[in-house]
1. Taking only pairs six or more apart or across chains, which ones have beta-carbon atoms under 7 Å, a first residue in region 15-35 that is in the same structural domain as G270 (by TED's automatic domain parsing) and modelled with pLDDT under 95, and a second residue that is hydrophobic (A, V, I, L, M, F, W, C) and not in a loop (DSSP other than H, G, I, E, B)?
2. Looking at G235, is it outside any helix (DSSP H, G or I) and in contact (Cβ under 8 Å) with a residue 60 or more places away in the chain?
3. Do you know which of the residues in region 274-305 that are of a type in the set (A, V, I, L, M, F, W, C) and farther than 18 Å from G399 by Cα is nearest to the chain's Cα centre (by Cα)?
4. Name every residue in region 151-165 that is surrounded by fewer than 14 Cβ atoms within 10 Å (Cβ to Cβ) and touching a residue at least 12 places away in the same chain (Cβ under 8 Å), in order of residue number.
5. Would you confirm whether any residue within region 1-14 is in a loop (DSSP other than H, G, I, E, B), within 23 Å of the chain's Cα centre (by Cα), surrounded by fewer than 19 Cβ atoms within 10 Å (Cβ to Cβ) and on the phi < 0 side of the Ramachandran plot?
6. If a residue must be in a helix (DSSP H, G or I) and buried (at least 23 other Cβ atoms within 10 Å of the Cβ), how many such residues does region 107-125 contain?
7. Yes or no: I190 among the hydrophobic types (A, V, I, L, M, F, W, C), surrounded by fewer than 24 Cβ atoms within 10 Å (Cβ to Cβ) and either under 29 Å from P267 (Cβ atoms) or touching a Lys or Arg at 6+ places or on another chain (Cβ under 6 Å) (or both)?
8. Do you know which of the residues in region 126-141 that are crowded, with 16+ Cβ neighbours inside 10 Å and not polar (S, T, N, Q) is nearest to D206 (Cα to Cα)?
Amino acid sequence: MSKKHDFKPESLMMSHGYKPELSEGSIKSPIFQTSTFVFKNAKEGKAFFEVAYGLREKESTEEVGLIYSRINNPDLEILETRLKLWDKADDCAVFESGMAAISTALLEFLAPGDVLLYSSPLYGGTDHFINDFLKKIGVHTISFTPNDTQESILKRLKNSGLANKLAMIFIETPANPTNALIDIEMCKSIADMYSSTDKKVHLAVDNTYMGPLWQHPLQHGADLVLYSATKYIGGHSDLIAGACCGNNEVISRIKVLRTFLGNMAAPHTGWLLMRSLETLKIRMEQQARNAEHVANFLNNHEKVEKVYYLGLIPEGTEEYAVYKKQYESPGAMLSFDIKGAEKEAFAFIDALKLIKLAVSLGGTESLVEHPATMTHAGVDPKFREELSITEKLIRISVGVENYNDLIWDIEQALEKV
């Protein structure tokens, strides 16, 4: 008799959740480019809709039926089944963009009069949705920074006079673009303080910066983990997508809202993401190895003031303790302060030959950008300074190229400053 074996996620990315016998024996899932699906009989159609619209819970032996590609599609279902393995989640929902995943999660768990506690800095799109759209519909927002302690956050909540209205905590860690860390378990303890039997305060973590490989927020108490799947999960800068993972209760709610917002990913996007998942681990590991070499080079260069990279956090600090607790790798994102200001930063960026100037991150190619004038241009200038997002800050997303070539490119660009 064969022994049971728990395969690692990277071993399951090629086949998990897919039945070749249902697709003419095809080794890979076809693209199910269809709008609708045929029911065997009316009773089956009724049962499928009951589950899809949240009218009843799915029975333990029941499979979710295919109805319409706005609700579900084989490419998305197989993809979601595989994606949830990395975070050890019950379920996953895939969206047409990272912002679609984030906005759907926020809309599902927040109502007019509720309070959202969120970390700053956040991705610019998320920050705008929170501070513009959510305020328009009557949601109160309170921010904190990675420098705030639990005590100072609780004080800020109390001073607002709205602490009893706290409904959700949303954090992004490491923070983009400074790699500042936030303790997920600390945020979970705040959520628990304000949760009751009538209302649970949900904790959501944007894990895009670490991909599904290097940090697992659900294991530290988060209820939702969110991704711009455009980044490491897609990994080839050729698609836009988002994902949200969590337990069955929260994901079923999010999937029902997704059905009515109609912001699910398309079948072809799901198929492309399945392809990307097969190489996710080897891509990300190569990117992390490259980033370590690049960070060490920058850290020893005379024209560099400071490097923001998880692998360079000083031992013995509180931040180091959080790093060792939450992360399995320093990752492949780094930023650095060049000696000077915007003029010097632009001169360096414009002199690069191999590394491309573009926003986004996590792709196979290395990318550089200037946060203060690009991704974080919409952040209040005084607040940018407080968060170390200055004119001299440069962000690099490290790709899979040969690290000696990346270092050569960075070195020759620095020489021109």
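The values are calculated or read from the model by the stated rules, or taken from the named source; none is laboratory data. All figures in this text were calculated on a predicted structure; none of them were measured in a lab. Positions of Cβ are generated from backbone atoms using ideal geometry, with glycine treated the same way; all protein chains shown enter the neighbour counts.
1. Listed pairs, sorted by first residue: none to list.
2. yes
3. M274
4. Matches in region 151-165: N164 only.
5. Among the residues of region 1-14, at least one is in a loop (DSSP other than H, G, I, E, B), within 23 Å of the chain's Cα centre (by Cα), surrounded by fewer than 19 Cβ atoms within 10 Å (Cβ to Cβ) and on the phi < 0 side of the Ramachandran plot, which makes the answer yes.
6. Count: 0.
7. No.
8. Filtering region 126-141 for residues that are crowded, with 16+ Cβ neighbours inside 10 Å and not polar (S, T, N, Q), the one nearest to D206 (Cα to Cα) comes out as D127.
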